[in-house]
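Heads up: the structure comes next, in structure tokens.
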Amino acid sequence: MTDDLALVERFLRARGEDAFRALYRAHTPALYALALRLTGGDQSEAEDLVQESWVRAVRALSSFRARSALRTWLCGLLVNVRRERIRADWRRVDAPDIEPAADAGAPDDALDLERAIGALPEGARDVFVLHDVYGYTHREIAELLGVAEGTSKSQLTRARNLLRSSLP
């Protein structure tokens, strides 16, 4: 972490390209792995997320206070970029009004689950997806989202209860 802090200070002082390259090389593989996980393996989307995260990181590096590792801070930026994109996508796409035909069988369970997850409150949805879909621990989620570990646990319980009550 001290190396990261020294590189951040060098970059901020003179906008040193060598300092930025060192930070980029050290942290991009982990950011890309996280992005791949959050996008379900979509390499193009993962690359875009990493790129946007670095753009935001460069703008916000002066606000980095080293309360956590730089990598944790960068991962938090990436998670926030992803959350903003998901919200933007949901706003752009009108939810389809799908009504099963009278003679149709059971509704598509996957579609129902996707809708139910999409309808969860933001905090509960983020924790549910990170924990139950992508396998992050509550400690990792707490670091990524900047919340207490207990908050992550309660949001997961809330999400699961809301999903149970909204699905047939």
Within segment 123-157, chymotrypsin sites (Phe, Trp or Tyr not before Pro) in DSSP loop having at most 16 other beta-carbon neighbours inside 10 Å: TYR134
Within segment 1-34, DSSP-loop trypsin sites (Lys or Arg not before Pro) with at most 13 other C-beta atoms within 10 Å are ARG15
Estimated distance in nm for a label pair at ARG37 and ALA6, the labels positioned 7 Å out from Cα along Cα-to-Cβ: 2.9
So which trypsin sites (Lys or Arg not before Pro) in segment 43-87 pass both tests, a DSSP loop state and at most 14 other Cβ atoms within 10 Å of the Cβ? ARG65, ARG67
Projected onto their principal axes, the Cα atoms of segment 1-70 stretch, largest extent first, over whole-Å spans of 37, 23, 18
Tell me, what is the percent relative contact order of segment 2-88, built from C-alpha pairs under 8 Å that lie six or more residues apart? 27
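Where a number appears in this text, it was derived from the coordinates with a stated rule and is not lab data. Source: prediction; values computed, not measured. For neighbour counting, all protein chains shown are included, and Cβ atoms are generated from backbone atoms with ideal geometry for every residue, glycine included.
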